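Presented below is the structure to which this report refers.
Every read-out reported here was derived from the displayed coordinates using simple, explicitly stated rules and does not represent laboratory data. What you see is a predicted model; the values in this text were computed from it and never measured. Cβ placement follows ideal geometry from the backbone for every residue including glycine, while neighbour counts extend to all protein chains displayed.
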Ligand SMILES: [Zn+2]
């Protein structure tokens, strides 16, 4: 398992260590000087092993009798003579700054895109990017001047939500590619502190504003990459459509009658006029899907900008009920593409919740845990978590682990029982086994293929 992990990292990111050398130089002084490569790996392993808290580094990895230090030295290509304490990591990340770690995350993604590793997950040539917000940190007392406030009647909570963009695929992939923290700007001197933002009251506004910042970031970091944005109806509005048109991005957005009522009425009218735009199919489990669509809807947004878009309706009937889904998109619809646009574009958006936020909160990565007290250092830990989750997803769906499981006539998940157990086994490998030098050797030849089904 430890060997499969290291080979996976070497295979997908052969230049990772040189990238770490480019991180900002840190001027802080500890009793022992640690190489930045070593400290970044130390932080990434905290999440790869799902230790759950920074303090756990000192207990779970500290034992002079064990080969932990040797294994990490080999991974980072360093010669440290002792393990750091968890506070060293915190100080170090405080000096590196979260922006450099956001860049490191982007670099990891960019490399996968350039080397075509993710090509099999494209939808009609584009990467589907799900956009959604989630609760990240929540405190019972004001934690910093950027907290958003929320009162549930009896208690006030101080929140740090986050808006994420993740590459998603129906097979369960959810790779973080963009992050925007939703927070209060610094209050102007003399501002009444009670005028702070109630998050729930202005949620819509906050997420839309954060989206505009996130989109600018994405375009800057990935200027040429073709994206198809998948988001809920909150983002089905003029500013978002305009931005997608400017950036040459596709979109598949949830279309709700209440969000743009006149446009919805036009859509219903056009559906009646085009009965030939219909496709019906029955799935293996006898669920019946009926697709209807209309092309070339004209929409003028609240700022007077004209858009042309297309809309798709899917009615799904199983033994118990009928459910209706609808989306607006700037991809022209036809008999040939409605099914794939609905399944791999519109509905795959839920992966960001299930495979993204849910796994990061509940399978040991502990997303909602404050790994530091400083606001910028917390963000640094957030990016390390995203990178480690990227590593783990490539390990979990890579052929090395699947070959290992096949020796026992099983799949990785069945063999180890849960994602958390996979991380636990990985920890044991690093703790108890001196990993052989050839595993770290860049001349060793091997192949890894990625599964595109779960
Ligand atoms: Zn705060």
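Under the criterion of Cα pairs below 8 Å and six or more residues apart, the relative contact order for the chain equals 23 percent. Ranked by how many other Cβ atoms sit within 10 Å of their own Cβ, fewest first, the residues 322, 377 fall in the order 322, 377. Mind checking the angle between helix 238-247 and the chain's longest principal axis? C-alpha axes, 0 to 90 degrees, to the nearest 10. Orientation of helix 238-247: about 60 degrees from the principal axis.
Go ahead and estimate [θ] at 222 nm for the chain from helices alone: -39,500 (n - 2.57) per DSSP H run with n ≥ 4, summed, over the residue count, rounded to 500. Before the final figure, lay out the partial values.
On the way: 15 runs with 168 residues, N = 454.
It comes out at -11500 deg cm²/dmol, rounded to the nearest 500.
Which value, to two decimals, describes the C-alpha radius of gyration of segment 90-135 once divided by 2.2 N^0.38 Å?
1.57
Look at 410, 171 and count the other Cβ atoms within 10 Å of each Cβ; fewest to most, that gives 410, 171. Taking only Cα atoms, what is the 0 to 90° angle, nearest 10, from helix 2-12's long axis to the longest principal axis of the chain? Taking the Cα atoms of the chain, the angle to 2-12 is about 60 degrees. Counting only DSSP beta bridges whose two residues both lie in the chain, roughly 85 percent are antiparallel.
The calculated pair-distance distribution of the chain uses every alpha carbon pair, bins of 10 angstrom beginning at 0, and gives 4, 19, 27, 25, 16, 8, 2, 0 percent. Note on segment 289-341: Rg/Rh from Cα positions, Kirkwood definition for Rh, rounded to two decimals, is 1.09.
This ranking places 63, 21 by how few other beta-carbon atoms lie within 10 Å of each, fewest first, which gives 21, 63.
Quick check: the angle from helix 419-432's long axis to the longest principal axis of the chain, C-alpha only, nearest 10 degrees? Taking Cα atoms only, the helix is inclined about 20 degrees.
Put the Cα centre of segment 304-371 next to the Cα centre of segment 55-88 and the gap is 42 Å.
Along its principal axes, segment 284-407 has C-alpha extents of 50, 49, 29 angstrom, given from the largest down.
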